[in-house]
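Trainee: Below is the structure I would like to discuss, written out as C-alpha coordinates.
The values are calculated or read from the model by the stated rules, or taken from the named source; none is laboratory data. Keep in mind it's a predicted model, so treat the numbers as computed, not measured. Cβ placement follows ideal geometry from the backbone for every residue including glycine, while neighbour counts extend to all protein chains displayed. Heavy atoms of the whole protein, side chains included, go into the accessibility calculation; ligands, DNA and RNA do not. Shrake-Rupley method; radii C 1.70, N 1.55, O 1.52, S 1.80 Å.
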Amino acid sequence: MAEHPTRTGGCHCGAVSYRIDGPVRDIIACHCGQCRKTTGHYLPAASVNRRHFSMTEDRGLKWYRASESAGRGFCTECGSSLFWLGDGSEHISIVAGTLDDATGLKLQGHIFTATKGAYYELEPDLPSWPAGDGGAFPMPE
Ligand SMILES: [Zn+2]
Ligand SMILES: [Zn+2]
(Lines give C-alpha, C1' and ligand atoms only; values in the text may rest on other atoms or scores of the structure.)
(Ligands and ions follow the chains in the order given, each with its own letter.)
Protein backbone atom coordinates (compact mmCIF):
# COMPACT_ATOMS: atom_id res chain seq x y z
CA MET A 1 0.00 0.00 0.00
CA ALA A 2 1.38 3.37 -1.05
CA GLU A 3 2.35 5.92 1.52
CA HIS A 4 0.62 9.25 1.28
CA PRO A 5 1.80 12.40 2.98
CA THR A 6 -0.53 13.93 5.53
CA ARG A 7 -1.79 17.15 4.06
CA THR A 8 -3.35 20.10 5.80
CA GLY A 9 -5.24 23.11 4.57
CA GLY A 10 -7.71 25.76 5.48
CA CYS A 11 -9.17 29.16 4.80
CA HIS A 12 -7.33 32.46 4.97
CA CYS A 13 -8.35 33.40 8.53
CA GLY A 14 -8.05 30.02 10.26
CA ALA A 15 -11.72 29.51 11.13
CA VAL A 16 -11.83 26.50 8.82
CA SER A 17 -9.07 23.92 8.57
CA TYR A 18 -8.81 20.29 7.55
CA ARG A 19 -6.50 17.34 7.33
CA ILE A 20 -6.05 14.60 4.71
CA ASP A 21 -4.50 11.22 5.47
CA GLY A 22 -4.74 9.37 2.19
CA PRO A 23 -4.44 9.59 -1.57
CA VAL A 24 -5.38 12.84 -3.26
CA ARG A 25 -6.56 13.08 -6.85
CA ASP A 26 -4.72 15.59 -8.98
CA ILE A 27 -6.32 18.93 -9.69
CA ILE A 28 -9.19 19.44 -12.12
CA ALA A 29 -10.26 22.97 -12.93
CA CYS A 30 -14.01 23.51 -13.23
CA HIS A 31 -15.25 26.38 -15.35
CA CYS A 32 -18.99 26.00 -14.66
CA GLY A 33 -21.07 29.02 -13.80
CA GLN A 34 -21.33 28.10 -10.10
CA CYS A 35 -17.59 27.68 -9.71
CA ARG A 36 -16.93 30.93 -11.52
CA LYS A 37 -19.37 32.88 -9.37
CA THR A 38 -18.34 31.38 -6.05
CA THR A 39 -14.58 31.67 -6.60
CA GLY A 40 -14.37 34.74 -8.78
CA HIS A 41 -12.47 32.85 -11.49
CA TYR A 42 -12.58 29.08 -11.91
CA LEU A 43 -12.28 26.32 -9.37
CA PRO A 44 -9.18 24.10 -9.27
CA ALA A 45 -10.18 21.13 -7.15
CA ALA A 46 -8.40 18.16 -5.65
CA SER A 47 -10.52 15.26 -4.44
CA VAL A 48 -10.22 12.81 -1.58
CA ASN A 49 -12.25 9.95 -0.20
CA ARG A 50 -14.11 11.28 2.82
CA ARG A 51 -12.77 8.48 5.00
CA HIS A 52 -9.33 10.08 4.65
CA PHE A 53 -10.61 13.59 5.34
CA SER A 54 -11.28 15.29 8.66
CA MET A 55 -12.05 18.78 9.85
CA THR A 56 -9.60 20.24 12.35
CA GLU A 57 -11.48 23.54 12.72
CA ASP A 58 -15.02 24.23 11.53
CA ARG A 59 -16.23 27.20 13.53
CA GLY A 60 -16.35 29.29 10.34
CA LEU A 61 -17.65 26.59 8.02
CA LYS A 62 -20.96 27.04 6.31
CA TRP A 63 -22.51 24.91 3.57
CA TYR A 64 -24.25 26.76 0.81
CA ARG A 65 -26.81 24.80 -1.23
CA ALA A 66 -25.48 25.69 -4.66
CA SER A 67 -27.78 23.27 -6.44
CA GLU A 68 -30.32 20.54 -5.68
CA SER A 69 -27.59 17.94 -5.47
CA ALA A 70 -24.53 19.57 -3.97
CA GLY A 71 -23.24 21.98 -1.38
CA ARG A 72 -20.28 24.34 -1.29
CA GLY A 73 -18.35 24.85 1.89
CA PHE A 74 -16.97 28.29 2.61
CA CYS A 75 -15.69 30.32 5.54
CA THR A 76 -18.16 32.76 7.02
CA GLU A 77 -15.33 34.82 8.52
CA CYS A 78 -13.05 35.40 5.54
CA GLY A 79 -15.10 34.18 2.58
CA SER A 80 -12.69 31.54 1.33
CA SER A 81 -14.20 28.87 -0.92
CA LEU A 82 -13.00 25.48 0.32
CA PHE A 83 -15.18 22.50 -0.58
CA TRP A 84 -17.67 21.06 -3.01
CA LEU A 85 -19.66 18.03 -1.89
CA GLY A 86 -22.24 16.15 -3.92
CA ASP A 87 -25.08 14.69 -1.87
CA GLY A 88 -24.24 11.17 -0.80
CA SER A 89 -20.80 11.28 -2.39
CA GLU A 90 -17.90 9.26 -1.00
CA HIS A 91 -15.55 12.01 -2.17
CA ILE A 92 -15.13 15.63 -1.28
CA SER A 93 -13.66 18.18 -3.66
CA ILE A 94 -11.16 20.52 -2.07
CA VAL A 95 -10.23 23.86 -3.60
CA ALA A 96 -6.56 23.47 -4.43
CA GLY A 97 -5.54 26.91 -3.25
CA THR A 98 -6.63 26.09 0.30
CA LEU A 99 -4.01 23.34 0.66
CA ASP A 100 -1.13 24.51 2.83
CA ASP A 101 1.29 22.63 0.58
CA ALA A 102 0.25 21.13 -2.74
CA THR A 103 3.66 19.64 -3.50
CA GLY A 104 3.31 16.64 -5.80
CA LEU A 105 -0.12 17.57 -7.11
CA LYS A 106 -0.63 18.97 -10.57
CA LEU A 107 -3.34 20.49 -12.71
CA GLN A 108 -4.45 17.69 -15.02
CA GLY A 109 -7.40 19.03 -16.97
CA HIS A 110 -10.34 21.34 -17.38
CA ILE A 111 -14.07 20.62 -17.22
CA PHE A 112 -17.18 22.60 -18.14
CA THR A 113 -15.15 24.62 -20.58
CA ALA A 114 -18.30 25.40 -22.58
CA THR A 115 -19.13 27.92 -19.87
CA LYS A 116 -15.65 29.29 -19.22
CA GLY A 117 -15.04 33.01 -18.94
CA ALA A 118 -14.35 34.90 -22.15
CA TYR A 119 -11.32 36.68 -20.70
CA TYR A 120 -8.83 33.80 -20.45
CA GLU A 121 -7.45 30.92 -22.48
CA LEU A 122 -6.84 27.31 -21.40
CA GLU A 123 -3.49 25.53 -21.50
CA PRO A 124 -3.54 23.86 -24.94
CA ASP A 125 -1.58 20.81 -23.75
CA LEU A 126 -4.10 19.77 -21.09
CA PRO A 127 -7.26 17.76 -21.79
CA SER A 128 -10.54 19.57 -21.51
CA TRP A 129 -14.21 18.72 -21.69
CA PRO A 130 -17.16 21.00 -22.50
CA ALA A 131 -19.06 19.51 -19.53
CA GLY A 132 -18.05 16.73 -17.10
CA ASP A 133 -15.03 14.52 -17.75
CA GLY A 134 -17.14 11.36 -18.05
CA GLY A 135 -14.99 9.53 -15.55
CA ALA A 136 -11.70 10.18 -17.35
CA PHE A 137 -10.07 11.08 -14.05
CA PRO A 138 -10.61 8.27 -11.54
CA MET A 139 -11.45 9.14 -7.98
CA PRO A 140 -8.94 8.17 -5.28
CA GLU A 141 -9.59 5.16 -3.06
ZN1 LIG B 1 -11.71 31.96 7.18
ZN1 LIG C 1 -17.94 23.85 -11.37
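Trainee: Can you compute the charge dipole magnitude of segment 7-115 about its Cα centre, using +1 on each Lys and Arg Cβ and -1 on each Asp and Glu Cβ, nothing else charged? Give it in debye, rounded to the nearest 20.
Mentor: Dipole size: approximately 160 debye.
Trainee: How much net charge surrounds Val16 when only the other residues with a Cβ under 13 Å from the Cβ of Val16 are counted, with Lys and Arg +1 and Asp and Glu -1?
Mentor: Neighbourhood net charge equals 0.
Trainee: In whole percent, how big is the carbon plus sulfur part of the accessible area of the chain, probe 1.4 Å, protein atoms only?
Mentor: Using a 1.4 Å probe with all protein chains present, the chain comes out at 52 percent carbon and sulfur.
Trainee: Additional query: Hey, which lysines would be in cross-link range of Lys116, C-alpha to C-alpha under 25 Å, not counting anything within fewer than 8 residues on its own chain?
Mentor: Candidates past the 8-residue exclusion: Lys37, Lys106.
Trainee: Per DSSP helix of 4 or more residues, -39500 (n - 2.57); summed, then divided by the residues of the chain. What does that give at 222 nm, rounded to the nearest 500?
Mentor: -1000 deg cm²/dmol
Trainee: Can you give me the accessible area per residue for segment 7-115, using a 1.4 Å probe, in Å²?
Mentor: 48 Å²
Trainee: Distance from a point 7 Å along Cα→Cβ of Thr8 to each backbone N in segment 100-114: keep the residues under 16 Å and list them by number.
Mentor: Answer for this model: 100-103.
Trainee: Further question: Please report the antiparallel percentage of the DSSP beta bridges confined to the chain, to the nearest 5.
Mentor: 85 percent
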